[in-house]
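Enquirer: The structure follows.
The values are calculated or read from the model by the stated rules, or taken from the named source; none is laboratory data. Fair warning: this is a prediction, and the values are worked out from it, not measured in the lab. All Cβ positions, glycine included, derive from the backbone under ideal geometry; neighbour counts span all protein chains shown.
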Amino acid sequence: MEDSVRNVVIIGAGCSGLTAALYTARANLCPLVLQGHEPGGQLSLTTLVENFPGFPEGIQGPELVDNIRKQAEKFGAIVEMKHLVSADLSKRPFVLRIGADEVRTRTLIIASGASARWLGLPSEQALIGHGVSSCATCDGFFFSGKEIAVIGGGDSAMEEALFLTRFATKVTLIHRRDQFRASKIMLDRARKHEKIHFLTDTVIEDVLDVEKKEVTALKLRNLKTGKAWDLPVSAMFLGIGHIPNAKMFEGQLDMDAEGYLKTTNWVHTRVPGVFASGDVMDRRYRQAITAAGTGCMAALEVEKFLEEHGQ
């Protein structure tokens, strides 16, 4: 890579990073976008996206991301299949280690997203987008009139279960313990809902049916009795949280207890010239449209920062 100092480097090529790339590219800042280990982010694991404005018939998640990437590249964004190894934000320009290369940049947008926590079963991974999902808001509608399962014991699992009662005839909430991390108010709300049924001390051993390319049942086992059985469901939603991809900035940027980047004025980190957008800083909404929105904000802040500090 060339030794010159870049105006902006964007970490992440999901909805947020690519929107930031589009805006900074149109401002002639020639952004460098690093795709990292999960090109396309959460959207690359989604099939039909029906809640992104402008697509009345819906659009496939990977296609939506690909469209934004092409749009950004059309205006001069450079997207590379590389990932950040380390960053030194104490120097100006900032120094980024990308593989064996070193890149220096005046500004940095961190849009590295958050990875959903999965159970790690091969059958689960094979059925992501075919009945296995980590986003009730995104995919709940597709299972109207069906019986579905939600996995987890925290507030996010309760929220997913309650939201899914709008569509499902029955929601079975499965948790490996008999104690819940969820707040009392959320747990009480879920317990009182007539459509939500609880299965505690229970683990998922397999997701059926990979051969049919759809979820038909879950193989379950009770940890206390050892009893194993199949639970017929049409979908499995994971409500066991997300892991923000921000570990490489530990000690340099402020984070909350779960590792999400803390920002002020929406996208500013504590280091001037470093901005964060999308799911790496948004633990509340986690939608494609909000990720794109904060990507836009970060890009506009980069333009402003470079104008004020001399490009």
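Enquirer: Among the residues of the stretch 268-291, what is the count of those that are β-branched (Val, Ile, Thr) and farther than 15 Å from residue 12 by Cα?
Expert: We begin by selecting, within the stretch 268-291, every residue β-branched (Val, Ile, Thr); these are 269, 271, 274, 280, 289-290.
This time we only want the ones that are farther than 15 Å from residue 12 by Cα, so: 269, 271, 289-290.
The number of residues fulfilling the criteria is 4.
Enquirer: Out of curiosity, is residue 304 surrounded by fewer than 22 Cβ atoms within 10 Å (Cβ to Cβ), out of contact with any Pro (no Cβ under 6 Å at 6 or more places or on another chain) and not assigned by TED's automatic domain parsing to the domain that holds residue 31?
Expert: No, not satisfied.
Enquirer: I would also like to ask the following. Within the stretch 231-262, restricting attention to residues that are of a type in the set (Val, Ile, Thr) and under 30 Å from residue 169 (Cα atoms), which residue is surrounded by the fewest Cβ atoms within 10 Å (Cβ to Cβ)?
Expert: So, considering only residues that are of a type in the set (Val, Ile, Thr) and under 30 Å from residue 169 (Cα atoms), the one surrounded by the fewest Cβ atoms within 10 Å (Cβ to Cβ) is 240.
Enquirer: Considering only the stretch 273-292, I want to know if a residue exists there that is in contact (Cβ under 8 Å) with a residue 40 or more places away in the chain, touching a Ser or Thr at 6+ places or on another chain (Cβ under 7 Å) and on the phi > 0 side of the Ramachandran plot.
Expert: Scanning the stretch 273-292 turns up at least one residue that is in contact (Cβ under 8 Å) with a residue 40 or more places away in the chain, touching a Ser or Thr at 6+ places or on another chain (Cβ under 7 Å) and on the phi > 0 side of the Ramachandran plot.
Enquirer: What do you reckon, is residue 88 modelled with pLDDT under 95 and loosely packed, with under 15 Cβ neighbours inside 10 Å?
Expert: no
Enquirer: Within the stretch 183-203, count every residue that is β-branched (Val, Ile, Thr), within 15 Å of residue 155 (Cα to Cα) and out of contact with any strand residue (DSSP E or B) (no Cβ under 7 Å at 6 or more places or on another chain).
Expert: Residues meeting the conditions: 1.
Enquirer: Condition (residue is surrounded by 17 or more Cβ atoms within 10 Å (Cβ to Cβ) and under 25 Å from residue 104 (Cα atoms)) applied to the stretch 45-68: is it met by at least one residue?
Expert: No, the stretch 45-68 has no match at all.
Enquirer: A follow-up question, please. Condition first: closer than 18 Å to residue 138 by Cβ, β-branched (Val, Ile, Thr) and either buried (at least 16 other Cβ atoms within 10 Å of the Cβ) or at pLDDT 95 or above (or both). Can you find one or more residues in the stretch 25-44 that meet it?
Expert: No, because not a single residue in the stretch 25-44 is closer than 18 Å to residue 138 by Cβ, β-branched (Val, Ile, Thr) and either buried (at least 16 other Cβ atoms within 10 Å of the Cβ) or at pLDDT 95 or above (or both).
Enquirer: Could I ask something else about it? Take residues that are modelled with pLDDT of 95 or more and either under 22 Å from the mean Cα position of the chain (by Cα) or assigned by TED's automatic domain parsing to the domain that holds residue 153 (or both) and tell me which of the strands (runs of 3 or more DSSP E) falling wholly in the stretch 197-286 contain 3 or more.
Expert: Hits in the stretch 197-286: 202-208, 217-222, 228-232, 235-238, 274-276.
Enquirer: Ok, one more. Any idea which of (1) under 27 Å from residue 163 (Cα atoms); (2) in contact with a helix residue (DSSP H, G or I) (Cβ under 7 Å, 6 or more places away or on another chain); (3) in the same structural domain as residue 98 (by TED's automatic domain parsing) is the one residue 299 doesn't satisfy?
Expert: Status for residue 299: all satisfied but (1).
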